[in-house]
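**Q** Would you mind keeping the following structure in view while I ask a few things?
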Amino acid sequence: MIPTEKQQTGLFVLGATHHNAPLEVREKLSISESANEQLHTKLSNLSTLREFSILNTCNRIEIYGVAETEDTIRQIQQLFCEQQDFAEDEFAKICLSIRDFDAVQHLLSVASGLDSQLIGETEIFGQIKDAYAQAQERKSTGPVLNKVFQKAFQTAKHVRTNTSITSGQVSVANVAVELANSIFGELTDTRILLLGAGEIGEKTARAFQSRGASSITVSSRHLERAMNLASALDATALPFELREGHIANFDIIVCSTAAPGSIISVSAVREALTRRSARPLFLIDLAMPRDIDFRVGDLSNSYLYNLDDLAAIAEENRTARESEIEKCQLIIAERAEALWKQAESRL
Amino acid sequence: MLSQLIDRDWLWIAAEFYLVGFLVGTWSLMRGGKPSNVLMNVIIFAGYLIQLTGLYFRGMAVGGCPLGNTFELFQFTAWSATTLYLVVGVTFRSSMLGFFTASLSASLTLTSLLIPAWDATRREHIFGGNTWIEFHAAFALFSYGVFALLALTAGMLLLRNYSLKHKRLGGWFSFLPSIMDLDLISVRLLGTGVSIMTISLAVGSMYWIRDTESVNAFKLILTVAIWAAYALALSMRLRGKLISTRFGWTCIILFVIALGSLGPINSSRPPEPPVIGS
């Protein structure tokens, strides 16, 4: 039987992700807010494209849609490549192009964080929500995408609640923040001293800021560098030679200097603890060689973690998440099947 | 059918509810999950209401606050701890505290029910019809309930400290509240317990001054020693002299001593002929 145009109507996903497209390619394919607007306008003009939504993150650019013909998808690809000034044949080599049930299953996996570079990360959930809200605002969604996206959100929540796929942090900076939460609870009132103005220290400081910490002080052997970083972090700077005398004023100390030996002695920490009443002290040593005397970890009410400790926790969490993948996939497969049946009837 | 239940039957059912709370929590933790906060609170609340019914019937039968033997003292302590958990602990939003409360209440109530000798006899008219003395006794025992909950939060503080010191953060350690949260609630509980016990002793002392023979020296010394130990712990904690693990261990050891003193305090009263319970 010759398929009719109606019979070819289907759900699709077209795009590129971190799985096949390396960073330099994703950079070229990534679209700005204005480019997103332009692409939306162009796609809206395709009469055979019934519904669509554009998901644009640092790890993926994906267009979810309902097309009446296979040719519509080819036209979308052409429009996209033209806009991004990207060779279509090159795009064909790295592109993700899936249909119907597979497209549903893919969205459920993406929303659940299973398709992410950092498996189980939850940021993607918000990004999909934003993309869907934007599409709704522009009136480019319809009965099929509305159903599929809403069910994808429910599935992601179900996966998060009923498996351990999102538990535990998998980056060193976030592990440090999670540990600080285990000691101090909310981080809004904590005072942080950053010793060293390097990249890893900055990343850690930013991770703390993203969880509400606002009182950050930077100290470095080079005061100028400390002041530059302090300015970038909206923090204050402290002369390096005053660091030990000020330990008692801070709750969290992050060390990442390139000093050849210890810059925080056990006696300085012991003295600081006596001045801090019952408030614990959390010390994070990200330096190699270590910046903090290891005996600090033996002091009561102080918690010392070095780079190896944090990396080991991150690795443990990563392994734990990976062991949950199968469980998540079963949930997703089951839900995708039910959802596809509902979506298919709306095509 | 319910009308045929006597006080001990109600108390058995309540103890079983607490036990179910403990088992549900243990099962969740063994599966690598966190005990459900809602489920835990529902189970504890149901157990609490049933225990309240049992204590009410016992109180009606004895014509006063049921504090006449070791069985009743243990029951009342468990009930006090649960009351405080439901008032304060629920807002703490830690299902682990609910799990530990269910475990503690199950231990106290089941132990008291499983030792028949503790409820074989009871003293009547121990308050001499004086409601103030009854108030003193009930308040004193309520403070023990507060100290029981304090022992739980102190235990959680020690576990959290252990997990952070030994870098064992996975599994059920990850469900424990933060060090600061546990420390804060422990200090508040210690302050509350000491305040309640102080009020209780102040009321009791007014009657003791009038009639020093009414309380024997052993009971007086033991009770005042426990109060003084808790007050000292509070004072030291507030001055920053008793912190972290030393604070945690102190709260637990003091509660064990306080709980252990209930039996001797009860038996130090002048003997009376046995009375059959309701």
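The values are calculated or read from the model by the stated rules, or taken from the named source; none is laboratory data. Everything numeric here is computed off the predicted structure, so don't read it as measured data. With ideal geometry, Cβ positions are generated from the backbone for all residues, glycine too; neighbour counts draw on all protein chains shown.
**Q** Given the residues A:Asp102, A:Asp89, which is the only one that is surrounded by fewer than 20 Cβ atoms within 10 Å (Cβ to Cβ) and modelled with pLDDT of 95 or more?
**A** A:Asp102
**Q** Looking at segment A:212-225, I want the residues that are within 14 Å of A:Ile192 (Cβ to Cβ) and have a partner that is among the hydroxyl-bearing types (Ser, Thr, Tyr) with Cβ atoms under 6 Å, at least 6 apart or on another chain. Which pairs are those?
**A** Taking only residues 6 or more apart or on different chains, the pairs are A:Gly212/A:Thr188; A:Ala213/A:Thr190; A:Thr217/A:Thr236.
**Q** With (1) surrounded by 20 or more Cβ atoms within 10 Å (Cβ to Cβ); (2) in contact with a helix residue (DSSP H, G or I) (Cβ under 7 Å, 6 or more places away or on another chain); (3) more than 27 Å from A:Leu118 (Cβ to Cβ) as the list, and A:Gln8 as the residue in question, which single condition is left unmet?
**A** (1)
**Q** Could you say which residue among A:Leu187, A:Leu193 is in contact with a Lys or Arg (Cβ under 6 Å, 6 or more places away or on another chain) and modelled with pLDDT of 90 or more?
**A** Selected residue: A:Leu187, the only one of A:Leu187, A:Leu193 that is in contact with a Lys or Arg (Cβ under 6 Å, 6 or more places away or on another chain) and modelled with pLDDT of 90 or more.
**Q** What's the total number of residues in segment A:246-274 that are touching a residue at least 12 places away in the same chain (Cβ under 8 Å), under 21 Å from A:Ser300 (Cα atoms) and not charged (D, E, K, R)?
**A** Residues meeting the conditions: 18.
**Q** Got a sec? Which of A:Ser171, A:Ser164 is surrounded by fewer than 21 Cβ atoms within 10 Å (Cβ to Cβ), closer than 26 Å to A:Gly113 by Cα, in contact with a Leu (Cβ under 9 Å, 6 or more places away or on another chain) and at pLDDT below 95?
**A** Just one listed residue meets the conditions, A:Ser171.
The rows are residues; the columns are (1) at pLDDT below 95; (2) away from every other protein chain (no Cβ under 14 Å).
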{"site": "B:Met236", "(1), (2)": "no, no"}
{"site": "B:Ser244", "(1), (2)": "yes, no"}
{"site": "B:Gly260", "(1), (2)": "yes, yes"}
{"site": "B:Ser267", "(1), (2)": "yes, yes"}
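**Q** Taking only pairs six or more apart or across chains, which ones have beta-carbon atoms under 8 Å, a first residue in segment A:288-299 that is more than 15 Å from A:Leu310 (Cα to Cα), and a second residue that is exposed (fewer than 12 other Cβ atoms within 10 Å of the Cβ) and modelled with pLDDT under 95?
**A** That search, which allows pairs on different chains as well, returns A:Pro289/A:Pro260; A:Pro289/A:Gly261.
**Q** Looking at the structure I just gave you, is B:Ile226 at pLDDT 90 or above and either within 28 Å of B:Ser112 (Cα to Cα) or more than 12 Å from every other protein chain (Cβ to nearest Cβ) (or both)?
**A** Criteria met by B:Ile226.
**Q** I would also like to ask the following. Only residues that are hydrophobic (A, V, I, L, M, F, W, C) and in a helix (DSSP H, G or I): list them for segment A:126-171, please.
**A** A:Ile128, A:Ala131, A:Ala133, A:Ala135, A:Val144, A:Leu145, A:Val148, A:Phe149, A:Ala152, A:Phe153, A:Ala156, A:Val159
Listed here are the residues, each with its yes/no results for (1) surrounded by fewer than 18 Cβ atoms within 10 Å (Cβ to Cβ); (2) more than 26 Å from the chain's Cα centre (by Cα).
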position: A:Ala226; (1), (2): no, yes
position: A:Ala232; (1), (2): yes, no
position: A:His246; (1), (2): yes, yes
position: A:Phe250; (1), (2): no, yes
position: A:Ile253; (1), (2): no, no
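**Q** Of all residues in segment A:15-54, which are closer than 18 Å to A:Ile119 by Cα, buried (at least 20 other Cβ atoms within 10 Å of the Cβ) and either without any contact (Cβ under 8 Å) to a residue 24 or more places away in the chain or more than 16 Å from the chain's Cα centre (by Cα) (or both)?
**A** Correct list: A:Ala16, A:Ala21.
**Q** If you don't mind, there's one more thing I want to ask. Filter segment A:174-215 for residues that are part of a loop (DSSP other than H, G, I, E, B), within 13 Å of chain B (Cβ to nearest Cβ) and surrounded by 19 or more Cβ atoms within 10 Å (Cβ to Cβ) and give the result.
**A** Those that are part of a loop (DSSP other than H, G, I, E, B), within 13 Å of chain B (Cβ to nearest Cβ) and surrounded by 19 or more Cβ atoms within 10 Å (Cβ to Cβ): A:Leu187, A:Thr190.
**Q** Report the residue count in segment B:136-181 for those that are closer than 18 Å to B:Thr101 by Cα, more than 10 Å from chain A (Cβ to nearest Cβ) and not in a helix (DSSP H, G or I).
**A** 0
**Q** Quick test of your reading of the structure: A:Val170 fulfils all but one of (1) within 30 Å of B:Ile185 (Cβ to Cβ); (2) within 14 Å of chain B (Cβ to nearest Cβ); (3) in contact with a helix residue (DSSP H, G or I) (Cβ under 8 Å, 6 or more places away or on another chain). Name the failing condition by number.
**A** The one condition A:Val170 does not meet is (1).
**Q** Just checking, does segment A:55-65 include any residue being outside any loop (DSSP other than H, G, I, E, B), under 22 Å from the mean Cα position of the chain (by Cα) and either acidic (Asp, Glu) or modelled with pLDDT under 90 (or both)?
**A** Yes; the residues of segment A:55-65 include at least one that is outside any loop (DSSP other than H, G, I, E, B), under 22 Å from the mean Cα position of the chain (by Cα) and either acidic (Asp, Glu) or modelled with pLDDT under 90 (or both).
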